[in-house]
Amino acid sequence: MFKDQSILDIISAGGFTIYLLILCSIISIAVIIERVIYYKRRSKFPRSMILDQIRKEFTANRMLNAIGLCKEIDTPVSRVALAGLNLHGHDEKLVANAMEREITVETIKLERFTGIVASIGGTAVYIGLLGTVIGIMRAFGDISKAGTSGMSVVTVGIAEALICTAAGLLVAIPAVLSYNWFTRKIDNFVVDMELAASELVDLICVKKK
């Protein structure tokens, strides 16, 4: 039915909702790319490797080296470890609280912009349905004007209206899948930060004793 139409013709047939969905798609793709790069850069150094290096420097009484290591490595785990190492020699609860606060800060950074993708994934389908409803209403208006002789035109109008639903699904599905992946990735980061904080508290306490 659309074989003789260009992409621009099909987009124009979808009405203003198609343009809104295109905007949502651009925003969603931009956020997805930015978050994937962000997570990849902060996953370069695994928790076990960072803690092994810190433990090595710590047991050798090279505290400044351990702090310098955490400053050089830009990962959530290293930031949490740095918050604890900076308070080395203080009360255990104070050190633990500092790392807990840093975990909260890093989690907020990890969750940045992900709500946008979730919102797009949850609303894109409804935007597409809105465009379809408007298109079908317009098609039925054409029926009343053209009568039964205009059914072929109305059929094309309904088909064009359904483009909005298809477009909404095409935008929503990748957004929802990406958001689910973001959630799992953030959960993994949080688990690593909590384990690192727990291990570092134990390390500091043992050293103090």
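Just give me the residues in region 68-82 being surrounded by fewer than 17 Cβ atoms within 10 Å (Cβ to Cβ) and in a helix (DSSP H, G or I), in sequence order. Before the answer, list the steps.
Narrowing region 68-82 to residues surrounded by fewer than 17 Cβ atoms within 10 Å (Cβ to Cβ): 68, 71-72, 74.
GLY68, LYS71, GLU72 - these are the residues of region 68-82 that are surrounded by fewer than 17 Cβ atoms within 10 Å (Cβ to Cβ) and in a helix (DSSP H, G or I).
Could you give every pair whose Cβ atoms fall below 7 Å, whose first residue belongs to region 40-52 and is charged (D, E, K, R), and whose second residue is surrounded by fewer than 20 Cβ atoms within 10 Å (Cβ to Cβ) and in a helix (DSSP H, G or I), counting only separations of at least 6 or pairs across chains?
Final answer for the pair search is ARG47/LEU195.
State yes or no: is PHE58 of a type in the set (Phe, Trp, Tyr), more than 20 Å from the chain's Cα centre (by Cα) and in a helix (DSSP H, G or I)? Spell out the reasoning first.
Working: of a type in the set (Phe, Trp, Tyr): yes; more than 20 Å from the chain's Cα centre (by Cα): yes; in a helix (DSSP H, G or I): yes.
Spelling it out, PHE58 is indeed of a type in the set (Phe, Trp, Tyr), more than 20 Å from the chain's Cα centre (by Cα) and in a helix (DSSP H, G or I).
What's the number of the condition ASP52 fails, among (1) touching a helix residue (DSSP H, G or I) at 6+ places or on another chain (Cβ under 8 Å); (2) modelled with pLDDT under 95?
Result: ASP52 passes all but (1).
ILE22 - would you say it is buried (at least 16 other Cβ atoms within 10 Å of the Cβ) and at pLDDT below 95? Before the answer, list the steps.
Details: buried (at least 16 other Cβ atoms within 10 Å of the Cβ): no; at pLDDT below 95: yes.
Criteria not met by ILE22.
Answer with yes or no whether ILE163 is modelled with pLDDT under 90, assigned by TED's automatic domain parsing to the domain that holds VAL77 and not basic (Lys, Arg).
Numbers: modelled with pLDDT under 90: yes; assigned by TED's automatic domain parsing to the domain that holds VAL77: no; not basic (Lys, Arg): yes.
For ILE163, the condition - modelled with pLDDT under 90, assigned by TED's automatic domain parsing to the domain that holds VAL77 and not basic (Lys, Arg) - is not met.
State whether one or more residues within region 93-110 are surrounded by 14 or more Cβ atoms within 10 Å (Cβ to Cβ), in a helix (DSSP H, G or I) and touching a Pro at 6+ places or on another chain (Cβ under 6 Å).
Yes; the residues of region 93-110 include at least one that is surrounded by 14 or more Cβ atoms within 10 Å (Cβ to Cβ), in a helix (DSSP H, G or I) and touching a Pro at 6+ places or on another chain (Cβ under 6 Å).
The values are calculated or read from the model by the stated rules, or taken from the named source; none is laboratory data. Model, not experiment: these values are computed from the prediction. Quick reminder, even Gly has a Cβ in these numbers, built from the backbone with ideal geometry, and neighbours come from all protein chains shown.
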